[in-house]
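Visitor: Can you read through this structure? Questions will come right after.
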Amino acid sequence: MQIRYSVIVPVYNCERFIDRCIKSILSQTLTNFELILVDDGSQDLSGNICDKYEKLDSRVKVIHKNNAGVSAARNSGLDVASGEFVTFIDSDDYLDSTALQHLDSAEGDLVVNGYLLEHNDNEFKPSLRNHGNDFIDINDKTKLEQRFIKGMFNYVFSKRYDLKIINDNQLRFDESINLGEDTLFVLDYLKYIQNISVIDYTDYHYVKYSGMTLTNQIFTPKVIDRLENLHNEMYNRILFLFDKDISEALITKHIGVVYRNFIFEKILNGSEHSFNLISYLYSQKWFRLSLEYVDEIYADENKKFKFLMKTKSAILFYIYIKFFN
């Protein structure tokens, strides 16, 4: 009997939570799957924990490799996957027992489930992130645009992919990209499918850990370069899905939201007020384009701040945060 699902989990220095992740997968109500744990050069006990489960359950396969990043780890999993379908899980996340069963309940080249966003510090209550129920033809540009803007293609987890489509089109994660690789893979996959099923469940628990998110990074020119590079790559990919003018609008709205988090968390409410940094930010193509959508991206902010952003002036912005903020 063919294996129904290949569940791929990249593992790196996660001994605190890998047990929970693995146990949640092995307890699925749908049992016809293989669990591929890719130990990406962990320096803690993560690799040993993976080996323990491989001995306990014949469905578990462990790959040990030198550390090369999450994209390379997922690619290693795809290289040995033998299931009809593939799904990805991050090692610090976990599933309800019905997760695979629900992914299996829908027809479609891509099946998209919701998820439950949790915070490890319990500062915030868990919040549902789902997209309702829908069946989308890949040629329905209006629906695709709406789903893109709402972030449905931003993440690789809580989705079901057809392994034949992946392998026939030689799809793999871009190992040269270390930011937004999830989005790029999903956009690549969309080029080769006919339809998308959206299901209204939240079996996937996406756990955010303090200090491990993009906006917790130091805001530097290097980070800005990474953001701009990511959106260049995104733009090139969605040209296959949308008209050029629509693509640019989609991307600029997307990156505007990302930059918004940095501006409020790291500049306005933080200590990173360097004029050189702000000037570098304003010199970037996608950030400048995103200023065209200030009223949408910064809709909840005061009129004075939105007016300041519309001026597109690094000098005025610097004066504002230095002396009037």
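To keep it simple, each residue is scored yes or no on (1) at pLDDT below 95; (2) open to solvent by less than 10 Å² (accessible area, probe 1.4 Å); (3) under 26 Å from L117 (Cα atoms); (4) aliphatic (A, V, I, L, M).
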position	(1), (2), (3), (4)
R20	no, no, yes, no
T29	no, no, yes, no
E34	no, yes, yes, no
V38	no, yes, yes, yes
D57	no, no, no, no
H64	no, no, no, no
S76	no, no, no, no
D93	no, yes, yes, no
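Visitor: Give the residues of segment 51-61 that are in contact with a strand residue (DSSP E or B) (Cβ under 9 Å, 6 or more places away or on another chain) and part of a helix (DSSP H, G or I), sorted by residue number.
Guide: D51, Y53, E54 - these are the residues of segment 51-61 that are in contact with a strand residue (DSSP E or B) (Cβ under 9 Å, 6 or more places away or on another chain) and part of a helix (DSSP H, G or I).
Visitor: Restricting to segment 283-298, count the residues that are open to solvent by 20 Å² or more (accessible area, probe 1.4 Å) and in contact with a helix residue (DSSP H, G or I) (Cβ under 6 Å, 6 or more places away or on another chain).
Guide: Of the residues in segment 283-298, 3 are open to solvent by 20 Å² or more (accessible area, probe 1.4 Å) and in contact with a helix residue (DSSP H, G or I) (Cβ under 6 Å, 6 or more places away or on another chain).
Visitor: Listed residues K164, K266, K208, K222; which is at pLDDT 90 or above and among the basic types (K, R)?
Guide: So the residue among K164, K266, K208, K222 that is at pLDDT 90 or above and among the basic types (K, R) is K164.
Visitor: Here is a further query. Has segment 107-119 got at least one residue that is within 25 Å of L179 (Cα to Cα), among the aromatic types (F, W, Y), within 16 Å of the chain's Cα centre (by Cα) and open to solvent by less than 40 Å² (accessible area, probe 1.4 Å)?
Guide: yes
Visitor: Can you tell which of I36, I22 is assigned to a helix (DSSP H, G or I) and either in contact (Cβ under 8 Å) with a residue 24 or more places away in the chain or under 14 Å from D92 (Cα atoms) (or both)?
Guide: Of the residues listed, the single one that is assigned to a helix (DSSP H, G or I) and either in contact (Cβ under 8 Å) with a residue 24 or more places away in the chain or under 14 Å from D92 (Cα atoms) (or both) is I22.
Visitor: Additional query: Looking at (1) surrounded by 20 or more Cβ atoms within 10 Å (Cβ to Cβ); (2) part of a loop (DSSP other than H, G, I, E, B); (3) touching a strand residue (DSSP E or B) at 6+ places or on another chain (Cβ under 8 Å), which one does V86 not meet, given that it meets all the others?
Guide: Unmet for V86, out of (1) surrounded by 20 or more Cβ atoms within 10 Å (Cβ to Cβ); (2) part of a loop (DSSP other than H, G, I, E, B); (3) touching a strand residue (DSSP E or B) at 6+ places or on another chain (Cβ under 8 Å): (2).
Visitor: Next question, about the same structure. So which residues in segment 40-49 are open to solvent by 10 Å² or more (accessible area, probe 1.4 Å) and under 14 Å from N67 (Cα atoms), if there are any at all? First the steps, then the outcome.
Guide: Just the residues of segment 40-49 that are open to solvent by 10 Å² or more (accessible area, probe 1.4 Å), to begin with: 41-45, 48-49.
Matches in segment 40-49: G41, S42, Q43, D44.
Visitor: For segment 299-315, how many residues are exposed (fewer than 13 other Cβ atoms within 10 Å of the Cβ) and assigned to a helix (DSSP H, G or I)?
Guide: Count: 4.
Visitor: Okay, moving on. May I ask you to list the residues in segment 39-50 that are in a loop (DSSP other than H, G, I, E, B) and either among the hydrophobic types (A, V, I, L, M, F, W, C) or touching an Asp or Glu at 6+ places or on another chain (Cβ under 9 Å) (or both)?
Guide: Within segment 39-50, the first condition is being in a loop (DSSP other than H, G, I, E, B), and the residues that meet it are 41-45.
If the condition is that a residue be in a loop (DSSP other than H, G, I, E, B) and either among the hydrophobic types (A, V, I, L, M, F, W, C) or touching an Asp or Glu at 6+ places or on another chain (Cβ under 9 Å) (or both), then S42, D44, L45 are the ones that fit.
Visitor: Ok, one more. Can you pull out every residue in segment 1-18 that is surrounded by fewer than 23 Cβ atoms within 10 Å (Cβ to Cβ) and either closer than 14 Å to T87 by Cα or acidic (D, E) (or both)?
Guide: The answer is I3, R4, E15.
The values are calculated or read from the model by the stated rules, or taken from the named source; none is laboratory data. This is a predicted model, so every value here is computed, not measured. We place every Cβ from the backbone using ideal geometry, glycine too, and count neighbours over all the protein chains shown. Calculation scope for accessible area: heavy atoms of the full protein, side chains included, ligands and nucleic acids excluded. Shrake-Rupley method; radii C 1.70, N 1.55, O 1.52, S 1.80 Å.
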